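Trainee: Quick one: the structure is below, questions incoming.
The values are calculated or read from the model by the stated rules, or taken from the named source; none is laboratory data. Fair warning: this is a prediction, and the values are worked out from it, not measured in the lab. For neighbour counting, all protein chains shown are included, and Cβ atoms are generated from backbone atoms with ideal geometry for every residue, glycine included. Surface accessibility is based on the protein's heavy atoms, side chains included, excluding ligands, DNA and RNA. Shrake-Rupley method; radii C 1.70, N 1.55, O 1.52, S 1.80 Å.
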Amino acid sequence: MFQKSELFLIFVDMKKAIVIGASSGIGMEVAKRLLADGWTIGIAARRTELLLQLKAKYPERVEVETIDVNHEEAEDLLLSLIAVVGGMDLFFYASGIGKQNPTLDADIEISTVTTNALGFTRMIGVAYRYMAQKGHGHIAAITSIAGTKGLGPAPSYSATKAFQNTYLQALEQQAFTRGLNIRFTDIRPGFVGTALLNDNHQYPMLLKADHVADEIVDAIGKGRHVKVIDWRWCLVTVLWRCIPCWLWRRLPIRSKEKKKKPSP
């Protein structure tokens, strides 16, 4: 029989997570909270400067890898990071891009689809196959309330977020029918004050990244399937779903541009 202290050590040793998109914003905040809760983590992003700063604070419990989700080598790099960490019980995906595109600029649309659909599928697929082989795991990903309806100011962004919602739902159904012990948490925040929204627009009901991170960690701990953050955006998404298509297409949904401060 194991002593209580031995069981505690075994439990702690099992807490291994991979965080993709951890260089800033929500990904970084969630990584910090996992570390505070005793997890050993592997963190990855395209830019590693900030990741290395976090590793310097927790050298024994943080491993770093440079991963661009749009590159084919990202799959091998993710598997390598998992191996260095010593396994993966939680896969947290926080990578993505998004811009308003009312003129339908082609480069914006294509890059958004490439990152939010193809890159997302590539990374989630690696995590799913790894956990299917291992026998258990938890996949949590930040999608968005933008996937609720097609948003005219950001067509590819809202479309790819709807794709992510559906993809996670499909994998959850597949895992269940295959008898796999893989849990999923689809995290759908409203507008969050991060670098992603640094585009000279004003957004309503703006959320703070640290508050969103707290909600995410709580939802993962409770095994929530879908988590909309916060309660105000829950009401908004319920309202959006009730609006018929003929009315939705006529709604002038747009955000206001920030007023530029006069130069001193």
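Trainee: Evaluate segment 53-60: report whether one residue or more is among the hydroxyl-bearing types (Ser, Thr, Tyr) and in contact with a strand residue (DSSP E or B) (Cβ under 6 Å, 6 or more places away or on another chain).
Mentor: no
Trainee: Only one residue in Ala117, Ala127, Ala132, Ala146 is under 29 Å from Gln174 (Cα atoms), at pLDDT below 95 and assigned to a helix (DSSP H, G or I). Which one?
Mentor: The unique qualifying residue is Ala146.
Trainee: Now for a different question. Would you mind finding the one in Ala127, Ala140 that is touching a strand residue (DSSP E or B) at 6+ places or on another chain (Cβ under 6 Å), in contact (Cβ under 8 Å) with a residue 60 or more places away in the chain and under 17 Å from Val226 (Cα atoms)?
Mentor: Testing whether each residue is touching a strand residue (DSSP E or B) at 6+ places or on another chain (Cβ under 6 Å), in contact (Cβ under 8 Å) with a residue 60 or more places away in the chain and under 17 Å from Val226 (Cα atoms) leaves just Ala140.
Trainee: Determine which single condition Gly223 fails, assuming it passes every other condition in (1) at negative phi; (2) at pLDDT 80 or above.
Mentor: (1)
Trainee: While we're here: Of all the residues that make up segment 97-140, how many are open to solvent by 30 Å² or more (accessible area, probe 1.4 Å) and of a type in the set (Gly, Ala, Ser)?
Mentor: Final tally of qualifying residues: 3.
Trainee: Return yes or no: is Leu81 within 20 Å of the chain's Cα centre (by Cα) and more than 26 Å from Thr166 (Cα to Cα)?
Mentor: When the stated conditions are applied, Leu81 passes them.
Trainee: Name the single residue that is surrounded by the fewest Cβ atoms within 10 Å (Cβ to Cβ) among those in segment 157-180 being touching a Lys or Arg at 6+ places or on another chain (Cβ under 9 Å) and of a type outside the set (D, E, K, R).
Mentor: Ala162
Trainee: What number of residues within segment 60-109 satisfy the criterion of being touching a residue at least 40 places away in the same chain (Cβ under 8 Å) and within 22 Å of Gly147 (Cβ to Cβ)?
Mentor: Of the residues in that region, 17 qualify.
Trainee: Within segment 30-42, identify whether any single residue is within 16 Å of the chain's Cα centre (by Cα), in contact (Cβ under 8 Å) with a residue 12 or more places away in the chain and within 28 Å of Thr177 (Cβ to Cβ), and answer yes or no.
Mentor: No, there is no match, as no residue in segment 30-42 is within 16 Å of the chain's Cα centre (by Cα), in contact (Cβ under 8 Å) with a residue 12 or more places away in the chain and within 28 Å of Thr177 (Cβ to Cβ).
Trainee: Further question: If you scan segment 208-237, which residues turn out to be open to solvent by 80 Å² or more (accessible area, probe 1.4 Å) and of a type in the set (A, V, I, L, M, F, W, C)?
Mentor: Matches in segment 208-237: Trp231, Leu235.
Trainee: Is there any pair linking a residue in segment 233-261 that is assigned to a helix (DSSP H, G or I) to one that is modelled with pLDDT of 90 or more and among the polar types (S, T, N, Q), with Cβ under 6 Å and at least six apart or on different chains, and which?
Mentor: Qualifying pairs under 6 Å: Thr237/Thr148; Trp240/Thr148.
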